[in-house]
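In what follows, a structure is listed as structure tokens, so that the remarks can point back to it.
The values are calculated or read from the model by the stated rules, or taken from the named source; none is laboratory data. In this text, all values refer to a predicted model and were calculated from it rather than measured experimentally. When we count neighbours, we look across all protein chains shown, and the Cβ atoms used for this are built from the backbone with ideal geometry, even at glycine. Accessible surface areas use protein heavy atoms only, side chains included; no ligands, DNA or RNA. Shrake-Rupley method; radii C 1.70, N 1.55, O 1.52, S 1.80 Å.
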Amino acid sequence: MTKKKESPFKVDMNSEDVLIAGGTRRVFLHYHNRLQRMLHFVEDTKDVTLSDIAMLEQLLHELHSSLHFAPQKNQLDDSPNLYADYVLDSDDKAWQRAY
């Protein structure tokens, strides 16, 4: 059986069309399924495992690195404010790496 070539997938997000490559869509599907399993486990057991927390950290990293989210810069010393909401890396408030 030959694998079907996947074309970009059009997503309407807040009235903006976004094209997502087939491989990226599969990555999001993988994370969706892992999140769904984790939520079912939490609902059933009222408990969270350390591997669930690690998966959440991995998902956050995947989202902010692939979608170019950046922490806001700290107004006092131009360091990243990791506890504030992230912004788009093109935003004036975004912290930029020096390298």
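I want to verify a result. In a Gaussian network model of the chain, Cα cutoff 10 Å, which of these has the top mean-square fluctuation: Leu76, Leu67, Leu50?
Between Leu76, Leu67, Leu50, it is Leu76 that shows the largest mean-square fluctuation.
Specify the residue with the greatest mean-square fluctuation among Gln75, Gln36, Gln58, computed from a Gaussian network of the chain linking alpha-carbon atoms under 10 Å apart.
Answer for the Gaussian network model of the chain: Gln75.
Once phi is turned into θ = phi - 60°, what whole-Hz ³J(HN,Hα) does the Karplus curve with 6.51, -1.76 and 1.60 give for every residue of the range 83-88, x standing for Gly and Pro?
9, 8, 4, 6, 10, 5
Can you list which of the trypsin sites (Lys or Arg not before Pro) found in the range 47-99 are DSSP loop residues with at most 16 other C-beta atoms within 10 Å? Intermediate results must be reported in sequence, preceding the final value.
Values: sites: Lys73, Lys93, Arg97; in loops: Lys93, Arg97.
The qualifying sites are Lys93, Arg97.
Carbon and sulfur atoms: what percent of the 1.4 Å accessible area of the chain do they account for? Please report the intermediate quantities before stating the final value.
Numbers: 4770 of 8630 Å².
Solvent-exposed carbon and sulfur of the chain make up 55 percent of the total.
Per-residue ellipticity at 222 nm for the chain, helices alone: DSSP H runs ≥ 4 residues times -39500 (n - 2.57), over residue total, nearest 500 deg cm²/dmol?
-14500 deg cm²/dmol
Over the chain, average the accessible area per residue using a 1.4 Å probe and give it in Å², no decimals.
Normalised by residue count, the accessible surface of the chain is 87 Å².
Identify which of Asp52, Asp12, Asp85 has the largest mean-square fluctuation in a Gaussian network model of the chain, with springs joining Cα atoms closer than 10 Å.
Highest fluctuation among the options: Asp12.
Please work out the FRET efficiency for the pair Ala21 and Ala54, using the Cβ-Cβ distance as r and a Förster radius of 35 Å; give the result to the nearest 0.05.
That pair, Ala21 with Ala54, gives E of 0.85.
What number does the chain give for Rg over Rh if you use C-alpha atoms and the Kirkwood radius?
Using only Cα positions, Rg/Rh for the chain is 1.07.
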